[in-house]
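Bear in mind these aren't lab numbers, they're just calculated from the coordinates by the rules spelled out. Everything numeric in this text was worked out from a predicted model, so none of it was measured. No Cβ is skipped: glycine too gets one built from the backbone with ideal geometry, and neighbour counts run over all protein chains shown.
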Amino acid sequence: MASSVARAASSCADRLRGAGKKVEILDAKTREKLCFLDKVEPQATIAEIKNLFTKTHPQWYPARQSLRLDPKGKSLKDEDVLQKLPVGTTATLYFRDLGAQISWVTVSAEPSSPAVSPPRAPGVTRHPPQVFLTEYAGPLFIYLLFYFRVPFIYGHKYDFTSSRHTVVHLACICHSFHYIKRLLETLFVHRFSHGTMPLRNIFKNCTYYWGFAAWMAYYINHPLYTPPTYGAQQVKLALAIFVICQLGNFSIHMALRDLRPAGSKTRKIPYPTKNPFTWLFLLVSCPNYTYEVGSWIGFAIMTQCLPVALFSLVGFTQMTIWAKGKHRSYLKEFRDYPPLRMPIIPFLL
């Protein structure tokens, strides 16, 4: 098996060096020449060039590499072809080290999550569950520690006691459902165009998710917790908002998944389907974010808890940034993109 892989890699390298262009790779910061490839075929892709670069610098495996035409420009895509780039006989590419990488499914894999990592739009390949499971399993487990009032949290006399307020138990069900849904979507629904993310992002993302989960769980499950001001009516309204938005979020994820089959890199404009929850595509580019924010607003109304409101605000801010970026990409790529759509909030934002 190893020998066959080696022969295939050698054959690929020989093909790329057979004739054609020259490629020099410089450090984007220092402009130091790191690698020079002679006689690279014009049809070679950036991914193939990365593999050749790795042979001379094994410490920088392809997932760590960012190659660009300008030191401060955007990274080239792996599928970009050398002859289609605006370069001469000798192509100069600039290299940046993206740092140690880890598989997406280990940390978190939900495009609509208000995390500090970049948005994870459905892509073209699936990866083993590693990255996302770390992010999403954490809040699920942490919240339950407070819900069951394990020792050393609220004091000895409250160990393993249960709240007498129905809203506390309902909040636990909703919170658990949300993260179980995310975990299942990570494993069975989402596809990702990039197989890895920087390892350092795990610590930022887990701090965000785990920290907020502990903060809101502490107050919601506290023995002195006070139910919402307007009682059962407020809770029922909030629950309806939460459930509707969760169904909407899932519906959008399924629509995005079906938009591009596994293994395909064709990009299409997302349109509403027969599912009424997808009709929000008529008004916004990223309805998955709209529904996600709505879910947390419903949860905040249900619990009337300040940490939940702050979590919703931070998430909305981050998802607005992602939605604007996605909206700009759609407008740039598709000339016939629906003009009435806004990034995340219909008619406003």
Once Ile244 and Arg328 are pulled to full extension, the length gained, defined as 0.36 nm per residue separation minus their Cα-Cα distance, is 27.4 nm
Taking amide H positions as placed in the peptide plane 1.01 Å from N, state which residues far from Met342 in sequence (5 or more) or on other chains have amide H under 5 Å from it.
-> Val284, Ser285, Phe347
Once amide hydrogens are built 1.01 Å from N within the peptide plane, the residues lying 5 or more places from Ser66 or on another chain with amide H under 5 Å from its amide H are Arg96, Leu98
At a Förster radius of 41 Å, what calculated FRET efficiency corresponds to the Cβ-Cβ distance of Leu283 and Arg164, to the nearest 0.05?
-> 0.45
Once phi is turned into ³J(HN,Hα) by the Karplus curve 6.51 cos²θ - 1.76 cosθ + 1.60 with θ = phi - 60°, what whole-Hz value does each residue of region 76-89 show in order, with x for glycine and proline?
-> 6, 7, 4, 7, 4, 9, 4, 5, 8, 8, x, 10, x, 4
If packing is taken as the mean number of other Cβ atoms within 10 Å per residue, what is the order of 51-59, 224-232, highest first?
-> 51-59, 224-232
So who's got an amide H within less than 5 Å of the one on Ala91, skipping anything under 5 residues away but keeping other chains? H placed 1.01 Å off N, in plane.
-> Lys22, Val23, Glu24
